[in-house]
Amino acid sequence: MGYEDENLQPFVLDIETTARPGIEALLDALAAPSNYKDEAKIAEFKADKLRTLIERGALDINLNRIVCFGVWTPDEGPRVVIAKTEAEERTHLAALGLYILNGGHRRRIISFNGLSFDLLTCIRRAQLLGLREFPSLDVVPAWKSPHTDLMRLLTFDGAVSKHSLDFYCRIFGIEAPETDDILCISGSQIPQLVADERWDLVEAHCRCDVILTGRLAQRLGVM
């Protein structure tokens, strides 16, 4: 599959996402419970439900888009780019595809929960954006994938409960690279930061996560 070169350095990938534009038109029709009779309460229920679905859209590979890409290697350190628009997302995703292919010798990707989210999102966004040249990442079935998902390693392939990246870094004694104001940001806040156009914090959060993932990969001996 092109991953056989042991001298080919793997890289860490992390992405940040938000709900894609026009998500409201893509969702299934909303209906209030049958016991709701008051029109105002029905409207309120639908509005609350829609708000929740939009918030969750960032975590749905069919309803999200990528707003930040981060890659990291021990030699090159972190490289993070923002995608404020779908046009920029397409450009950066195409560049990521070329980086993965690496002249025909595919790179192994290391991620945290990537085989359940990051890599799947990249594949689906490439499909939706018409990037036919984006490489097949061999993610299904996950246990046969050439890529390394630290979440799968740390949970012994789902045998024990999952925890956050920050949690695993704490128990392994891995120090964060950023300041406290960045560390207090969680991934769930990214959609609001995007809405507020706080691209500096989106970039800083992605940079922090991709570095932590790299350090954790080194600590686990997979990089």
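Computed quantities for the displayed model
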| quantity | calculated |
| --- | --- |
| Stretchable slack from residue 222 to residue 76, in nm (0.36 nm times residue separation minus alpha-carbon distance) | 50.8 nm |
| Relative contact order of the chain, defined on C-alpha pairs under 8 angstrom at six or more residues apart (%) | 27 |
| Segment residue 88-residue 199, extension gain: residue separation times 0.36 nm, minus the distance between their alpha carbons | 38.6 nm |
| C-alpha long axis of helix 39-56 to longest principal axis of the chain, angle in ° | 10 |
| Residue among 107, 170, 125 with the largest mean-square fluctuation in a Gaussian network model of the chain, springs linking Cα atoms under 10 Å | 170 |
| Simple spin-label estimate for residue 37 and residue 132 in nanometres, 7 Å along Cα-Cβ | 5.8 |
| Length gained when the stretch residue 101-residue 48 is fully extended (0.36 nm per residue, less Cα-Cα span) | 14.7 nm |
| Fraction of antiparallel bridges per DSSP, region 11-219 only, in percent to nearest 5 | 80 |
| Helix-only CD estimate at 222 nm, as mean residue ellipticity for the chain, using -39500 (n - 2.57) per DSSP H run (n ≥ 4) | -12000 deg cm²/dmol |
| Whichever lysines have a C-alpha closer than 18 Å to that of residue 49, once near sequence neighbours (fewer than 8 apart) are set aside | 37, 41 |
| Using θ = phi - 60° and Karplus 6.51 cos²θ - 1.76 cosθ + 1.60, couplings along region 188-198 (whole Hz; Gly, Pro as x) | 5, 8, 4, x, 5, 5, 5, 4, 7, 6, 8 |
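Since every read-out is calculated from the coordinates, none of them should be taken as a lab result. None of these values were measured; they are calculated from a predicted model. Glycine gets a Cβ as well: all are built from the backbone with ideal geometry, and neighbour counts include every protein chain shown.
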